[in-house]
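Q: Below is one structure. I have some questions about it.
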Amino acid sequence: MRSISKFTPLLGSICHGAMLCTGLGTGLALPAAASAQAAPSAAEAEEGAGQIAEITVTARRRNEMLQNVPESITAFTTATIEGARIRKVDDFMSLTPNVEFLPAQSPGNFQISIRGISMVGLGEAPVVMVVDGVTLPYPNSFNTPLFDIESIEVLKGPQGALYGQNAIGGAIVVKTKAPTNEFQGRLTGSLGAHAERTGIASISGPIIKDVLLFRAGYYHSHFGGDVRYAFAPRDKQNYTNENVGRFDLTWNAAESVTVDTSVSYSKSKSGGGTLVPETLSTGSAIPNVTTAQLNSILVLGKPNQDLRSKTSRSVFSASGRLVWDLEFAELTSVTAYTRIKEYNLQDADVSSIPFVGGQQDQKVKGWSQELRLTSPSDQRFRWLVTGFLQRTDREQPQDIRANLNLILNGDTNPANQIRVPASVLNRKQKLDATAIAAQVNYDILPVLELTLAGRYDHDPRSQRTISIAPAAPETYLKRTFKKFQPKASLAYKPDADKTFYLTYAEGFRAGGFNLSAATSAVLPAFDAEQTKTFEAGAKFAFFDRHLTVGIAGYTTEYANQQLTLTSVSAGGALNQGVFTVKKSRIKGLELEAQARPLPNLQLGFAGGLQEGKIKEFGTALSGVAFDPSAYVGNDVPLQSKYTLAINGQFTQPITDALEAMLRIDVTRRGKMYWYADNVYSRKPFNLVNVKASLKGDRWEFGFYGRNIFNVDYNTQYFDNLFVGAPGGFNFGFRGEKARYGAEATFRF
């Protein structure tokens, strides 16, 4: 793959005028298949004579056409969501350029990287997720099942000017289907290999016609697991069971007032992600177990644990939204409450030797209130102002126990183990946020728009740590993080089919605290992240909207990138710390193209190319095992050098009431380094998903396949240098294996 510097002529071409960009867009779109942007339904295709459907987005907190918004946005409509079987966050992130979703042992434990800006383990995401106007308080609720969804928008680049302190890399805006004034419903069921089954039900209609409307939905999924433990082959590690219920109510209180309320609850149980040893031990630190003994029983590529991993999670959320048309502006009030409980049982030494393991849990309670005034959209000068308040309490109880009989006597017999406390503590955090923001859009000329936005965040944070084993004094840490995040954009729109834009934006993610007993390699507190990003982009529609192309190039100056350091002591105490890299620079290109060469065929392409380099490491990581000076010039970890998503959807009418459909999605991820030392990397890999179906007026039946070639790849990797596990070997989480099944849908 060519380096970023060799693609700089493409950046220049953005600003050279419509004719040059037209040639660039046409040439790059030739190999295209359907991008992550929306594939229109059959009805939309007929109405537009095979055109690509126009998409309305709310990225800037008002309804606008995607083609005209000077932002890099990957948008998914209902048609794409159903065609690609998008059921979870990973499904749409894999179709978005320069975005990575890296799952781990539980639904609420993952890492996200967007344009090279990543998150630490069990930390805060580099994106804000907003569902029906509600800003989710913590990322361990992001990965709940997606069902009955109207649209998804992925905004790339700093979005803190409108969306707040965690939108340093972007924002995800999800809209569920609203209650309807006519009765309608849907039932979907699927059966697949390894006891995989899914059931989805929704019903909507009026309680009082035109006044009080409801919508209710239920989601159930089960997977029996397809990865067995090496030393207990009857047990499967990656089984899952998940249930979600949601109820929405819309009250049209007056002609100018609408009130929406929503309540949802989800509960899941699983055996955890597939965690396996990747290398043999280079030096066992398990008491009374030699390196040779450990290596003789390690089975690489399979779960070796003697303590079976288990996880459960429940998420309750309730929200109310009021929209009041005041004529001069629209007043929106959003009040929300979320409660998350997650329990994780893990084997900390990741081997079949009964040494150390236990529970690491999370409990989160979040409450938020937002008030926003938005001017009408049909004015030359448009504005909005918003105030935001969020209160989040996060608790992390930890109960890690070690085998005393092994430590004292070298007894490796699981039947003789005596578990005693090694690390029993409770970390309680208050993560509060108060903000005020404003945005103005002014049409300097009919073809030239200036956008200015800014948000001031004030985030007081505190942490109280109570340690029982080993006994230690209670510790209390407190800091306040604050930042003004400006954004400015200039958009040139010579006609309805072309938009050129230049943007400058700053991003911010608050710092935090490490455990008081954390390894001495990290500091008690870590600083806030900050970014400064310049972006140039263009969007085109050609041939009467039979081809659309979007291209963006960006440069980000990244300060204090937060990275993870995990430590397991010889006595079994488990600590996860955070350190920061002082300065990095990230450059990238993104291209999304969509074509309809035939009325029944949609093709597209979504690709990203990026290069991130560490410019100055700093002093936040220390210890004899590390040489920070050697990391300068290395690649920024947790970012693929490139991402590709090529997908196509073909529909063929068989009769007036019967239609066949075939969709193929091919995604590719480039090389990615796991850590700042750039020693271990994930090799490039491809994944292929397919869906084929027959569709009538009210029903659909078909088959699906995910990762159909059963490609083996890592979703996370733990270098023993940065983990310090007592086994002395590297281990990692593996991605999902091939899955197949049949699915039927009935609508009424």
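The values are calculated or read from the model by the stated rules, or taken from the named source; none is laboratory data. Note that this is a predicted model, so its numbers are computed, not measured. A quick note on method: Cβ atoms are made from the backbone with ideal geometry, for glycine too, and the neighbour counts reach across all protein chains shown.
Q: Please state which one of Gln105, Gln67 is within 23 Å of Ala505 (Cα to Cα) and either at pLDDT below 90 or surrounded by fewer than 22 Cβ atoms within 10 Å (Cβ to Cβ) (or both).
A: Working: Gln105 fails: within 23 Å of Ala505 (Cα to Cα).
Going through Gln105, Gln67 in turn, the sole match is Gln67.
Q: Checking Asn238 against (1) crowded, with 20+ Cβ neighbours inside 10 Å; (2) under 30 Å from the mean Cα position of the chain (by Cα); (3) at pLDDT 95 or above, which test does it fail?
A: Status for Asn238: all satisfied but (3).
Q: Please list, ordered by first then second residue, the pairs with beta carbon atoms under 9 Å, 6 or more apart or interchain, first in the range 666-688 and in contact (Cβ under 8 Å) with a residue 40 or more places away in the chain and of a type in the set (S, T, N, Q), second buried (at least 18 other Cβ atoms within 10 Å of the Cβ) and not in a strand (DSSP E or B).
A: Thr667/Ser94; Thr667/Leu95; Asn678/Tyr631; Asn678/Asn634; Asn678/Pro637
Q: Against the condition surrounded by fewer than 21 Cβ atoms within 10 Å (Cβ to Cβ), in contact with a strand residue (DSSP E or B) (Cβ under 7 Å, 6 or more places away or on another chain), farther than 18 Å from Gly320 by Cα and not β-branched (Val, Ile, Thr), how does Gly160 come out, does it pass? Step through it out loud before you land on a result.
A: Numbers: surrounded by fewer than 21 Cβ atoms within 10 Å (Cβ to Cβ): no; in contact with a strand residue (DSSP E or B) (Cβ under 7 Å, 6 or more places away or on another chain): yes; farther than 18 Å from Gly320 by Cα: yes; not β-branched (Val, Ile, Thr): yes.
Spelling it out, it is not the case that Gly160 is surrounded by fewer than 21 Cβ atoms within 10 Å (Cβ to Cβ), in contact with a strand residue (DSSP E or B) (Cβ under 7 Å, 6 or more places away or on another chain), farther than 18 Å from Gly320 by Cα and not β-branched (Val, Ile, Thr).
Q: Could I ask something else about it? Please indicate, with yes or no, whether at least one residue in the range 590-604 is in contact with a helix residue (DSSP H, G or I) (Cβ under 7 Å, 6 or more places away or on another chain) and of a type in the set (Lys, Arg).
A: Just the residues of the range 590-604 that are in contact with a helix residue (DSSP H, G or I) (Cβ under 7 Å, 6 or more places away or on another chain), to begin with: 591, 593, 595, 599.
Still in the list and also of a type in the set (Lys, Arg): none.
Taking every residue of the range 590-604 in turn, none turns out to be in contact with a helix residue (DSSP H, G or I) (Cβ under 7 Å, 6 or more places away or on another chain) and of a type in the set (Lys, Arg).
Q: Keeping to the range 324-342, report how many residues are surrounded by fewer than 18 Cβ atoms within 10 Å (Cβ to Cβ) and in a strand (DSSP E or B). Can you show your working first?
A: Let us first name the residues in the range 324-342 that are surrounded by fewer than 18 Cβ atoms within 10 Å (Cβ to Cβ), namely 324-329, 331, 333, 335, 337.
If we keep only those that are in a strand (DSSP E or B) as well, we get 324-325, 331, 333, 335, 337.
Within the range 324-342, residues that are surrounded by fewer than 18 Cβ atoms within 10 Å (Cβ to Cβ) and in a strand (DSSP E or B) number 6.
Q: Go through the range 628-647 and count every residue that is assigned to a loop (DSSP other than H, G, I, E, B) and either touching a residue at least 24 places away in the same chain (Cβ under 8 Å) or buried (at least 19 other Cβ atoms within 10 Å of the Cβ) (or both). Show your work before the answer.
A: The initial filter retains those residues of the range 628-647 that are assigned to a loop (DSSP other than H, G, I, E, B), namely 632-634, 636-641.
Add one more test, that the residue is either touching a residue at least 24 places away in the same chain (Cβ under 8 Å) or buried (at least 19 other Cβ atoms within 10 Å of the Cβ) (or both), and what stays is 634, 636-641.
Residues flagged as assigned to a loop (DSSP other than H, G, I, E, B) and either touching a residue at least 24 places away in the same chain (Cβ under 8 Å) or buried (at least 19 other Cβ atoms within 10 Å of the Cβ) (or both) within the range 628-647 amount to 7.
Q: Now for a different question. Within the range 307-344, which residues are under 24 Å from the mean Cα position of the chain (by Cα) and free of Cβ contacts under 8 Å to residues at least 40 places away in the same chain?
A: The first filter runs over the range 307-344 and keeps only residues under 24 Å from the mean Cα position of the chain (by Cα), leaving 309-319, 334-344.
Hits for the range 307-344 are Thr335, Tyr337, Arg339, Lys341, Tyr343.
Q: Can you find even one residue in the range 67-90 that is touching a Gly at 6+ places or on another chain (Cβ under 9 Å) and farther than 21 Å from Gly550 by Cα?
A: no
Q: Only residues in the range 379-390 that are closer than 16 Å to Thr332 by Cα count as the first member; pair them with residues that are among the basic types (Lys, Arg) and not in a strand (DSSP E or B), Cβ under 7 angstrom, at least 6 apart or cross-chain, and list the lot.
A: Leu384/Arg61
Q: Here is a further query. For the list (1) in a strand (DSSP E or B); (2) surrounded by fewer than 16 Cβ atoms within 10 Å (Cβ to Cβ), I need the number of the one condition that Val299 fails.
A: (1)
Q: Follow-up question, since we're still on this one. Pull up the range 396-434, narrow it to residues that are basic (Lys, Arg) and out of contact with any helix residue (DSSP H, G or I) (no Cβ under 9 Å at 6 or more places or on another chain), then point me to the one that is surrounded by the fewest Cβ atoms within 10 Å (Cβ to Cβ).
A: Taking the candidates together, the pick is Lys430.
Q: State all residues of the range 354-369 that are of a type in the set (Asp, Glu) and crowded, with 21+ Cβ neighbours inside 10 Å; if no residue qualifies, say none. Let's see the steps before the verdict.
A: Residues of the range 354-369 of a type in the set (Asp, Glu): 361.
Those that are of a type in the set (Asp, Glu) and crowded, with 21+ Cβ neighbours inside 10 Å: none in the range 354-369.
Q: I'd like the full set of residues that are modelled with pLDDT under 95 and of a type in the set (A, V, I, L, M, F, W, C), limited to the range 511-542.
A: Phe513, Leu515, Ala517, Ala518, Ala521, Val522, Leu523, Ala525, Phe526
Q: Determine, yes or no, whether Thr74 is modelled with pLDDT of 95 or more and either surrounded by 20 or more Cβ atoms within 10 Å (Cβ to Cβ) or not in a loop (DSSP other than H, G, I, E, B) (or both).
A: On the way: modelled with pLDDT of 95 or more: yes; either surrounded by 20 or more Cβ atoms within 10 Å (Cβ to Cβ) or not in a loop (DSSP other than H, G, I, E, B) (or both): yes.
In short, yes.
Q: Taking the range 84-134 on its own, how many of its residues are closer than 14 Å to Leu146 by Cα, not hydrophobic (A, V, I, L, M, F, W, C) and not in a loop (DSSP other than H, G, I, E, B)? Walk me through it before giving the result.
A: Taking the range 84-134 and keeping what is closer than 14 Å to Leu146 by Cα, we get 84-93, 107, 129-132.
Okay, now just the ones that are also not hydrophobic (A, V, I, L, M, F, W, C), so 85, 87-88, 90-91, 107, 132.
If we keep only those that are not in a loop (DSSP other than H, G, I, E, B) too, we end up with 90-91.
Result for the range 84-134: 2.
Q: Answer yes or no as to whether Tyr504 is hydroxyl-bearing (Ser, Thr, Tyr), on the phi < 0 side of the Ramachandran plot and either over 29 Å from the mean Cα position of the chain (by Cα) or surrounded by 15 or more Cβ atoms within 10 Å (Cβ to Cβ) (or both).
A: Values: hydroxyl-bearing (Ser, Thr, Tyr): yes; on the phi < 0 side of the Ramachandran plot: yes; either over 29 Å from the mean Cα position of the chain (by Cα) or surrounded by 15 or more Cβ atoms within 10 Å (Cβ to Cβ) (or both): no.
For Tyr504, the condition - hydroxyl-bearing (Ser, Thr, Tyr), on the phi < 0 side of the Ramachandran plot and either over 29 Å from the mean Cα position of the chain (by Cα) or surrounded by 15 or more Cβ atoms within 10 Å (Cβ to Cβ) (or both) - is not met.
Q: Considering only residues that are charged (D, E, K, R) and touching a residue at least 24 places away in the same chain (Cβ under 8 Å), look in the range 468-483 and name the one that is surrounded by the fewest Cβ atoms within 10 Å (Cβ to Cβ). Lay out the reasoning, then the answer.
A: So in the range 468-483, the residues charged (D, E, K, R) come out as 474, 478-479, 482-483.
Next cut, touching a residue at least 24 places away in the same chain (Cβ under 8 Å) only: 479, 482-483.
Values: Arg479: 17, Lys482: 15, Lys483: 20.
Top of the filtered list is Lys482.
Q: Among the residues of the range 252-305, what is the count of those that are among the polar types (S, T, N, Q) and in contact with a helix residue (DSSP H, G or I) (Cβ under 6 Å, 6 or more places away or on another chain)?
A: Taking the range 252-305 first, the residues among the polar types (S, T, N, Q) are 252, 256, 258, 261-262, 264, 266, 268, 270, 274, 279, 281-282, 284, 288, 290-291, 293, 295-296, 304-305.
This time we only want the ones that are in contact with a helix residue (DSSP H, G or I) (Cβ under 6 Å, 6 or more places away or on another chain), so: 281, 284.
So the answer is 2.
Q: Now a separate question. Can you tell me which residue is nearest to the chain's Cα centre (by Cα) among those in the range 137-188 that are under 19 Å from Ser113 (Cα atoms) and aromatic (Phe, Trp, Tyr)?
A: Phe142
Q: Pull out all pairs, ordered by first then second residue, where Cβ-Cβ is under 9 Å, the residues are six or more apart or on different chains, the first lies in the range 212-232 and is in contact (Cβ under 8 Å) with a residue 24 or more places away in the chain and part of a loop (DSSP other than H, G, I, E, B), and the second is among the aromatic types (Phe, Trp, Tyr) and surrounded by fewer than 17 Cβ atoms within 10 Å (Cβ to Cβ).
A: As it stands, the answer is none, since no pair meets every condition given.
Q: Quick check on the range 732-746: of everything there that is crowded, with 17+ Cβ neighbours inside 10 Å and not hydroxyl-bearing (Ser, Thr, Tyr), which residue is farthest from Ala201 (Cα to Cα)?
A: Step one: list which residues in the range 732-746 are crowded, with 17+ Cβ neighbours inside 10 Å, which gives 732-736, 739, 741, 743, 745.
Then drop every residue that is not not hydroxyl-bearing (Ser, Thr, Tyr), which leaves 732-736, 739, 741, 743.
Numbers: Gly732: 36, Phe733: 32, Arg734: 31, Gly735: 28, Glu736: 26, Arg739: 22, Gly741: 19, Glu743: 13 Å.
Out of the qualifying residues, it is Gly732.
Q: Would you check if Leu146 is under 18 Å from Gln561 (Cα atoms), touching a residue at least 40 places away in the same chain (Cβ under 8 Å) and surrounded by fewer than 24 Cβ atoms within 10 Å (Cβ to Cβ)?
A: Considered against the rule, which asks whether it is under 18 Å from Gln561 (Cα atoms), touching a residue at least 40 places away in the same chain (Cβ under 8 Å) and surrounded by fewer than 24 Cβ atoms within 10 Å (Cβ to Cβ), Leu146 comes out as no.
Q: Tell me which of these Thr548 doesn't satisfy, since it passes every other one: (1) at pLDDT 95 or above; (2) surrounded by fewer than 22 Cβ atoms within 10 Å (Cβ to Cβ).
A: Result: Thr548 passes all but (2).
Q: How do the pairs read when you match residues in the range 411-435 that are under 18 Å from Pro287 (Cβ atoms) with residues anywhere that are of a type in the set (D, E, K, R) and part of a strand (DSSP E or B), using Cβ under 9 Å and keeping only pairs 6 or more apart or on different chains?
A: Between residues of the range 411-435 that are under 18 Å from Pro287 (Cβ atoms) and residues that are of a type in the set (D, E, K, R) and part of a strand (DSSP E or B), the close pairs are Arg419/Arg401; Val420/Arg401; Pro421/Asp399; Pro421/Arg401; Ala422/Arg401; Ser423/Asp399; Ser423/Arg401.
Q: Turning to a different aspect of this structure: Mind checking which residues of the range 648-666 are under 25 Å from Phe110 (Cβ atoms) and either surrounded by fewer than 19 Cβ atoms within 10 Å (Cβ to Cβ) or modelled with pLDDT under 95 (or both)? Spell out how you get there, then give the answer.
A: Of the residues in the range 648-666, the ones under 25 Å from Phe110 (Cβ atoms) are 665-666.
Across the range 648-666, the qualifying residue is only Val666.
Q: Also, I was wondering about something else. What strands (runs of 3 or more DSSP E) lie completely within the range 653-748 and have 3 or more residues being under 22 Å from the mean Cα position of the chain (by Cα)?
A: Values: elements: 658-669, 685-695, 699-706, 714-718, 731-734, 739-747.
Fully inside the range 653-748 and qualifying: 658-669, 685-695, 714-718, 731-734.
Q: Separate question: Just the residues that are in contact (Cβ under 8 Å) with a residue 60 or more places away in the chain and outside any strand (DSSP E or B), please, taken from the range 178-196. Full working, then the answer.
A: Taking the range 178-196 first, the residues in contact (Cβ under 8 Å) with a residue 60 or more places away in the chain are 178-179, 184-194, 196.
Those that are in contact (Cβ under 8 Å) with a residue 60 or more places away in the chain and outside any strand (DSSP E or B): Ala178, Pro179, Ala193, His194.
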